[in-house]
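The values are calculated or read from the model by the stated rules, or taken from the named source; none is laboratory data. As the structure is a computational prediction, the values presented were derived from the model and not from experiment. A quick note on method: Cβ atoms are made from the backbone with ideal geometry, for glycine too, and the neighbour counts reach across all protein chains shown. Just the protein is used for accessible areas: all its heavy atoms, side chains included, with ligands, DNA and RNA removed. Shrake-Rupley method; radii C 1.70, N 1.55, O 1.52, S 1.80 Å.
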Amino acid sequence: QTASEMFNVSLSDMTADIRRKAKAINFGVIYGISAFGLANNLRISREDAKNFINTYFERFPEIKEYMDSTISSAKKNGYVETLFGRKIHIPHINSKGHTAGFAQRAAINAPIQGSAADIIRRAMIRIPRVLKTNKLSANMLLQVHDELIFEVPNNQIKETSEVVAHVMETACTPVIKLDVPLVVEAGIGNNWSEAH
């Protein structure tokens, strides 16, 4: 959606390259990327990068509001919170200079990454019970950011994928209801690389 709005391309005409650029802008802005940093990431001029950042904030003004209010709240309280109320302390939020910039970026990012971590942990806690209830013998092997890796018998792949996806997509409930639903995709392969 961001790529579509930033580059005026319909979703049906989206290319992997446009999506990659939009992802770099999306995550870059949240991490407080400069025009110089974005220019390097996308291999474009600084002027183009600056225009992308300005356009981003024009098209998505709520993100700028979120960033400003999050920094303000962190300065007042000394911490930020995830969607689930877990506090993440930002000890240098009222510092000056380079330290302040780092702390501000951490304050903006922590509720987002922290909430994602809370969600995946909730799913990981529920999955073993759900697998057992459904008589599925998959083994959860590893978490990598927002991914879970399982070892699954060949004859249980489809059912396990569906059950695990459902648990992950509903991990927030009943504590919170997201306005934008989580969508989980399952990849299958003999190793993690093949599953991508």
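The table below gives the values:
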{"item": "Residues His89 and Ala186, FRET efficiency given R0 of 35 Å [Cβ-Cβ distance, rounded to 0.05]", "result": "0.45"}
{"item": "Solvent-accessible area, 1.4 Å probe, carbon plus sulfur percent, for the chain", "result": "53"}
{"item": "Exposure rule at most 16 other beta-carbon atoms within 10 Å, DSSP loop chymotrypsin sites (Phe, Trp or Tyr not before Pro): the chain longest free segment", "result": "85-196"}
{"item": "Interatomic Cα distance distribution for the stretch 75-141, bins of 10 angstrom, percent", "result": "20, 33, 21, 15, 9, 2"}
{"item": "Inter-label distance, nm, simple model (7 Å from Cα along the C-beta direction), Ala116/Gln143", "result": "1.3"}
{"item": "Taking the stretch 46-129 and dividing mean pair separation by its residue count, relative contact order in percent (alpha carbons under 8 Å, at least six apart)", "result": "23"}
{"item": "Förster radius 35 Å - calculated FRET efficiency between Arg126 and Ser193 (Cβ-Cβ, nearest 0.05)", "result": "0.80"}
{"item": "Potential lengthening between Tyr79 and Glu47 on full extension [0.36 nm per residue; Cα-Cα distance subtracted]", "result": "8.0 nm"}
{"item": "The stretch 1-82: trypsin sites (Lys or Arg not before Pro) in DSSP loop, at most 11 other beta carbons within 10 Å", "result": "Arg43"}
{"item": "Shape category assigned to the chain from the gyration tensor of Cα positions, a/c cut at 1.5", "result": "oblate"}
{"item": "Rough spin-label spacing in nm, given labels placed 7 Å along Cα→Cβ, for Ala100 and Thr15", "result": "4.2"}
{"item": "Accessible solvent surface per residue of the chain, calculated while the other protein chains remain in place, 1.4 angstrom probe, Å²", "result": "65"}
{"item": "Difference of contour (0.36 nm per residue) and Cα-Cα distance, Glu162 to Ser72", "result": "28.2 nm"}
{"item": "Cα-projected label distance for Phe27 with Asn155, points at 7 Å along beta-carbon direction, nm", "result": "4.0"}
{"item": "Phi-based couplings in Hz for the stretch 183-196 (Karplus 6.51, -1.76, 1.60; Gly and Pro marked x)", "result": "10, 10, 10, 10, x, 10, x, 6, 8, 4, 4, 5, 5, 7"}
{"item": "Net charge of neighbours whose Cβ lies under 11 Å from the Cβ of Ala3, counting Lys and Arg as +1 and Asp and Glu as -1", "result": "+1"}
{"item": "Sequence-separation-based contact order of the stretch 1-107, relative, with Cα cut under 8 Å and 6+ spacing, percent", "result": "18"}
